[in-house]
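Below is one structure, written out as structure tokens; comments come after it.
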Amino acid sequence: MIQHMVPYDGWAAMPEPREKLDRRLASIICSDSSIEDISEGDIVLLGIPQDIGIQRNGGRIGAAHAPFSVRECLGTFSLNGLGKHQPKIHDIGNIMCEGRTLEDIRANHHEIVKELLQKSARVIIIGGGHDIAFPSSCAMIDSFEAQSIINIDPHLDVRERIDGLGHSGTPFREMLEYGKPSEFIEFGTQAFTAATHHREYIKQSGGRIITYDHIRAMGSAADQLSELMQAMCEADHEIYVTFDMDAVNSAFAPGVSASAPIGFSADEIVQMAFVAAAHGARIIDIAEVNPLYDVDKRTSRLAALMIANCIAGWNSRL
């Protein structure tokens with residue numbers, strides 16, 4: 001039974017399109033589903049509206065608003081981009097975060113995602129800070145014999161805890177201490193955002209780092225991600241892809257927790273979101289959208305477009 005959930009009731013409140021035949025995503029999202037209603041292959045949205053870990057890490061808060069802002073943008077998109085099939089999409093709401101510790105929220109998150117994986121659902125998680133990657137990683141490790149975890153991020157996120165507590169910079173150190181996945185790849189690490197000792201920690205732990213500079217030298221980021229994921233599929237790995245929106249150039253995504261002057265373009269990150277789902281990722285999350293620093297909802301719209309392309313990518317497998 002899913003505990004400590006708050007339903008998201010914004011789908012029905014979205015304005016009707018001017019033309020009756022111009023259907024939008026909001027019209028096909030089930031917002032009153034229980035866990036019993038979810039079947040194999042269904043797509044499930046889950047929001048984590050908290051930025052406690054970002055605050056602990058000294059970042060700028062505001063990501064707690066993202067699950068609301070991103071959904072508002074997502075619901076307005078046309079159904080046309082999804083392809084021939086109409087997928088079953090459930091929004092089970094947000095984990096209740098107000099008045100709770102990060103540790104309690106993450107334990108709740110871990111159990112919910114494990115339950116969804118047991119139902120063979122496809123899960124999209126809208127953060128919140130990137131500390132969401134720790135409970136999702138643990139759920140993958142607990143649920144499957146072979147797993148691949150890909151972090152698309154300019155940072156490595158293997159910092160030490162602060163006063164013994166995890167935060168938005170620690171999720172993959174915590175994951176590696178919990179249990180090493182079959183494969184762990186840091187994709188898009190930037191030269192001036194990752195300390196040498198953190199790089200060494202990843203390598204010593206058996207992880208791989210594919211740097212932003214290497215990706216740029218080799219060509220298409222989406223093609224390279226596709227090749228990686230194809231190899232993982234051939235090895236019978238279940239896959240989790242986590243997108244930190246700090247990986248996007250701030251010209252396209254100003255509303256993030258730690259903006260960057262270089263990074264992937266909007267087109268590239270959307271293509272990567274489609275690729276992640278088309279290769280069958282079991283969990284895809286989007287973290288560190290910060291509506292308080294956004295411009296004209298540019299970042300929330302981009303995150304929403306990524307989610308729409310994840311849905312289209314999963315739909316392309318039918």
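Listing for the model above:
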quantity	calculated
Alpha-carbon centroids, segment 3-29 and segment 116-159: separation in whole Å	27
Nonlocal amide H pairs with VAL256, under 5 Å, H built at 1.01 Å	ASN290
Dipole of the chain [Lys/Arg +1, Asp/Glu -1 at C-beta], most positive-end residue of THR189, GLN86, ALA63	GLN86
Mean Cβ neighbour count within 10 Å, used as a protection proxy, ranking 145-154, 97-106 highest first	145-154, 97-106
222 nm mean residue ellipticity, helices alone, for the chain (DSSP H n ≥ 4; -39,500 (n - 2.57); rounded to 500)	-10500 deg cm²/dmol
Centre separation in Å (Cα based) which lies between segment 39-55 and segment 161-208	21
Cut-off under 5 Å, modelled amide H: who pairs with SER182 long-range	GLN147
Over the chain, relative contact order from alpha-carbon pairs under 8 Å, at least 6 apart, %	21
Long pairs among LYS84/LYS297; LYS119/LYS297; LYS84/LYS114; LYS180/LYS203; LYS119/LYS203; LYS88/LYS119, criterion Cα-Cα beyond 24 Å	LYS84/LYS297; LYS119/LYS297; LYS84/LYS114; LYS119/LYS203
Radius ratio Rg over Rh of the chain, counting only Cα atoms, Kirkwood formula for Rh	0.93
Hz values of 3J(HN,Hα) by residue in segment 282-293 - Karplus curve (6.51, -1.76, 1.60), Gly and Pro given as x	7, 10, 10, 10, 10, 10, 6, 5, 10, x, 5, 10
Net lengthening on full extension, ALA235/LYS297 (0.36 nm per residue, minus Cα-Cα)	18.4 nm
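Values in this text are rule-based calculations from the coordinates and carry no lab data. Because the structure is predicted, anything quoted here is derived from the model rather than measured. Here Cβ is always computed from backbone atoms with ideal geometry, including for glycine, and neighbour counts include all displayed protein chains.
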